Amino acid sequence: MKICFITDTIFMHGGVARVTTNISNFLQGYGYQVDIINTLICDEKKVYELDNRIRVINHSINVNKLNKFLGNIIYFAGVEETNIGGKLNCKIRNYSNEIKQLIKLLNENEYDVVIGVHYKYTMLLASISDKIIAKTISWQHNSYEAYVGTKRNYLWRKKGAFKYALSKIDLNFVLTESDKKKYNDYFDANTIVMNNPNSFNNNKISKLVNKKFIAVGRLVEQKGFDILIEAFGEFSKYNDDWTLDIIGEGDLKESLQAQIHKNELEGRVRIKPFTENIKREYTDSTVFVLSSRYEGWGLVWIEAMLSGLPIVCFNLNACKEVIGKEDVGIIVDYINSEDLARGMLSIISDNERLNIRSKNAIKLAKKFSIENIGQKWVECIGGLLKDE
């Protein structure tokens, strides 16, 4: 069995690269031959532990530029909500020499299944699906709301084109039951829920003794660290000994540092770079805070729960669907810094409840083991090929 993932790059920090590495490693270990095609050429430094048997192929395609160009054409033609937009997307892409070379590469390697990682590779795969011998899977990594509702990003001006694209794909993976329903209702896609797995096993569990909150993610608008810092400022009016560590890197570091300074939170709020020893950061903390404006799944809060950390988060669909079913933390009003501060104050106010939530968090996180999720991948791939 030959499997190929197409993504931006495996050589970067972030949840998509991490979970793609984990699933690729599992499938390789199961007995499949796995290749990964990077369309964004960058320094080939392994960020995560990719199995040495997995072949990484660099094939440069400026997917973001192509998507923006096509989005503008579809919008100004007035066909963004129609199948015509999707047909234009497929037709225009095939004039690209980069796409023609990709088709040749996929067919020469005789892959059984090709998987497009993220929405933009759904669009790409749809344009070549009738020209390659492999079955196709689109693997979404954000919520339906984020894809269709984020202005000038994702599927803005391309909703109809995306619907047409999904009709050309054999199988579509989404992260939650809520997303599955919306994909089935609006896009009429052959959709399966595929949760992201735990990215590691953590034998060390937090003792919940350090008075420290932790948040982890890229320093970008999506992650809402500006809201978190604002919330911590409100929290600090009623508490003078807890601290907050934000682990991440990105374009907003300077502005977030300025916000910390403006709110006189130096010494209580720190921004620290990504680290290979993230397990230690979790176990040295007591509560994990997820402040994202939107999140398809949130790999980091599964990691945090596996480390025994209770969660405070906004009422995103993924949070309500997973965390809301168990007593593992507190869900607060969406993008409400004052309610987030109240949630942070509430969760630390009862040590007995905090310990119960810690045990519940560990138990819940184990459901998303790589063994459980990886086996579902194997079953889905096997079922897809059986239908031939």
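Derivation of every value follows stated rules applied to the coordinates shown; laboratory data play no part. Here the structure is a predicted model, which is why all the values come from computation and not from measurement. Note: ideal-geometry Cβ built from the backbone for every residue, glycine included; neighbour counts use all protein chains shown.
Across the chain, the mean sequence separation of Cα contacts (distance under 8 Å, 6 or more residues apart), normalised by length, yields a relative contact order of 14 percent. What is the distance in Å between the Cα centroid of the stretch 98-146 and that of the stretch 287-336? Comparing the Cα centres of the stretch 98-146 and the stretch 287-336, I get a distance of 31 Å. The residues neighbouring residue 29, those whose beta-carbon lies less than 13 Å from its own, together hold a net charge of -2 under the Lys/Arg +1, Asp/Glu -1 convention. Among 289-302, 247-260, 314-327, 12-25, the peptide with the highest mean count of other Cβ atoms within 10 Å heads the list, and the full ranking is 289-302, 12-25, 314-327, 247-260. Distances between placed amide hydrogens fall under 5 Å for residue 272 paired with 246, 247, 248, all partners being 5 or more residues away or on another chain.
Electrostatic bookkeeping for residue 263 treats Lys and Arg as +1 and Asp and Glu as -1; over the other residues with beta carbon under 15 Å from its beta carbon, the sum is -3.
Over 27 Å between C-alpha atoms is what I'm after, so list which of 168/386; 237/359; 2/320; 135/158; 181/320; 135/223 land there. Over 27 Å apart, Cα to Cα: 237/359; 2/320; 135/223. Between helix 63-76 and the chain there is an angle of about 80 degrees, using the helix long axis and the longest principal axis of the Cα atoms.
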